[in-house]
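J.: Have a look at this one before I ask anything.
We did not get these values from a lab; they are worked out from the coordinates using the rules stated. Quick caveat, the model's predicted, so the values are computed rather than measured.
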Amino acid sequence: MSFVVDGTSLSSTDSAAIRAMIEPWINACLGRDWDGLLAMCTDDVIFLPPNEPTVQGAGVRRWLDDFPTIREMAFEIDHLEGVGHLASL
């Protein structure tokens, strides 16, 4: 998962903001709140689902509508780094 950040390096504020997205992201997925999930994304979002074609832009909403119900979800960041305007975990 990657996030666009301002500045030339990932600050502690940037890191905290990225980590703060975990719970809302999980809650949106578990609640099938695709509008809420997509509100956390830019309009040019790209999803890279395994064993499927890339999904991007408006196609993401259609893809999410067909996604199976998620009953449990956990997400932890083991490593987070930033270079330029990109943060990667």
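J.: Which values of log₁₀ I(q)/I(0), to two decimal places, follow from the Debye formula for the stretch 23-81 at q = 0.19, 0.25 Å⁻¹ with a uniform point scatterer at every Cα?
T.: Ignoring solvent entirely, the Cα scatterers give -0.79, -1.22.
J.: Here's something else I'd like to know. Test of understanding: what is the full-extension gain from Ile22 to Thr69, defined as 0.36 nm times their sequence separation minus their Cα-Cα distance?
T.: 15.1 nm
J.: Subtract the Cα-Cα distance of Asp43 and Glu81 from 0.36 nm times their separation in residues, and report this length gain in nm to one decimal. Don't skip to the answer; put the middle values down first.
T.: On the way: separation 38, 0.36 × 38 = 13.68 nm, distance 2.33 nm.
Computed gain between Asp43 and Glu81 is 11.3 nm.
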